[in-house]
Amino acid sequence: MAVMPNSHDLSTMWLRVFLEVARYGSFTVAARTLGWTQSAVSRQVSSLEAALGGAPLFDRLPRGVRLTEAGRVLVPHAEAVVAALHGAARELTALREVAGGRLRFGAFATADAALVPRALAAFRARHPGVLLTREEGFTPALLDRLTAGHLDLAVVSTTGGTPLDAYELHHLLDESLYVAVPADHPLAHHPGPVRLDRLADADWISGGPRPEGTLLDAALRQGFRPRVAHVVGEWTAKLGYVAAGLGVTLVPALAAESVRPDVALLPVLDEGAPARAVYAATVRGQTLSPAAEAFIGVLRDAAAELAVSPR
């Protein structure tokens, strides 16, 4: 009694040859279509018949061949297998050519102000067939999502001292800081960069009640602890507080383009390291999809072209 093989034992080529013979009703015509010899086609069909238990798939007639009942049963299954493989090949080609597939990425809020929109616009123009999904969040949360496999890459920063050594980091830019003051502030027209300690007595508007782990680390580096008078999360709201004369705030360079006209931006003089570095982070050791590689490329282009200057 013949033992039926596992599906892994069946050659896809056997099925393709079988379908060609079934289509034309002839080993000779199938061989001509495939660019093979007739004997090679016959061997492929014989191998398939043997793998399926020995039942003939064709009646060999004086003029051509005709499907047996077993052959007629096999046709739709063979067509489904071959069609599925053709579909897989098309999808893999689309992935390789960045003409399809998906890309899931996240970014912190100020990267969404200028860097990410420019990169997105360029990517969509070049690769409209790729499905993009985006999340916004703080760097630690984005890295958790990346580690869990919910994101393919994340645009993150070094603000807050979040450990990044477990990730593959693709450097995008080093970001400087500005201090935002009301347009009528005594320093509003100060020429050149200012030291933050000149504002040591000011009320500060920050995203958290403590300066540690925020952009206000720059003030700690300059030897004073800023007095946080208002805790405000959104950049537009922070600038509203500044415009109303309720305090001053730090603005990263990526957000400088969107500053309102009743606020002045002063470049910060910081003799230490840049306020923060910005990276595209991916999981170390994980193979990047062609779409992810392409997106990192447009992020780098956007970072290189981005002119971050105050209004």
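The values are calculated or read from the model by the stated rules, or taken from the named source; none is laboratory data. Every value quoted in this text rests on a predicted model; they were computed, and no experiment measured them. Here the Cβ is made from the backbone with ideal geometry for all residues, glycine too, and neighbour counts use every protein chain on show.
So here's what we get for this one:
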read-out: Among (1) part of a loop (DSSP other than H, G, I, E, B); (2) touching a residue at least 60 places away in the same chain (Cβ under 8 Å); (3) in contact with a strand residue (DSSP E or B) (Cβ under 9 Å, 6 or more places away or on another chain) - the single one Pro261 does not satisfy; value: (3)
read-out: Single condition Glu293 does not satisfy, out of (1) outside the structural domain of Gly161 (by TED's automatic domain parsing); (2) under 28 Å from Asp144 (Cα atoms); (3) surrounded by fewer than 22 Cβ atoms within 10 Å (Cβ to Cβ); value: (1)
read-out: Selection status of Gly192, in a loop (DSSP other than H, G, I, E, B) and either without any contact (Cβ under 8 Å) to a residue 60 or more places away in the chain or buried (at least 17 other Cβ atoms within 10 Å of the Cβ) (or both); value: no
read-out: Verdict on Leu92 being at pLDDT 90 or above and not assigned by TED's automatic domain parsing to the domain that holds Glu293; value: no
read-out: Selection within the stretch 216-239 - of a type in the set (Asp, Glu) and in a loop (DSSP other than H, G, I, E, B); value: Glu234
read-out: Any hit, the stretch 66-85, residues being modelled with pLDDT of 80 or more, under 28 Å from Pro128 (Cα atoms) and out of contact with any helix residue (DSSP H, G or I) (no Cβ under 9 Å at 6 or more places or on another chain); value: yes
read-out: Condition met for His185 (touching a Gly at 6+ places or on another chain (Cβ under 9 Å), farther than 12 Å from Tyr279 by Cα, assigned to a loop (DSSP other than H, G, I, E, B) and in contact (Cβ under 8 Å) with a residue 60 or more places away in the chain); value: yes
read-out: Filtered residues of the stretch 284-303 (kept if touching a residue at least 40 places away in the same chain (Cβ under 8 Å) and part of a helix (DSSP H, G or I)); value: Pro290, Ala291, Ala292, Ala294, Phe295, Ile296, Val298, Leu299, Arg300, Asp301, Ala302, Ala303
read-out: Qualifying residue in the stretch 240-247 (condition: in contact (Cβ under 8 Å) with a residue 40 or more places away in the chain, among the hydroxyl-bearing types (Ser, Thr, Tyr) and either part of a loop (DSSP other than H, G, I, E, B) or not assigned by TED's automatic domain parsing to the domain that holds Phe108 (or both)); value: no
read-out: One residue from Leu288, Leu299 being within 22 Å of Val155 (Cβ to Cβ) and at pLDDT 95 or above; value: Leu299
read-out: Selection count where residues are of a type in the set (A, V, I, L, M, F, W, C) and within 13 Å of the chain's Cα centre (by Cα), scope the stretch 115-142; value: 8
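Okay, residues lined up against (1) crowded, with 18+ Cβ neighbours inside 10 Å; (2) within 23 Å of Ala154 (Cβ to Cβ):
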position: Pro186; (1), (2): no, no
position: Asp201; (1), (2): no, no
position: Trp204; (1), (2): yes, no
position: Gly207; (1), (2): yes, yes
position: Arg225; (1), (2): no, no
position: Leu239; (1), (2): yes, no
position: Glu257; (1), (2): no, yes
position: Leu266; (1), (2): yes, no
position: Ala281; (1), (2): yes, yes
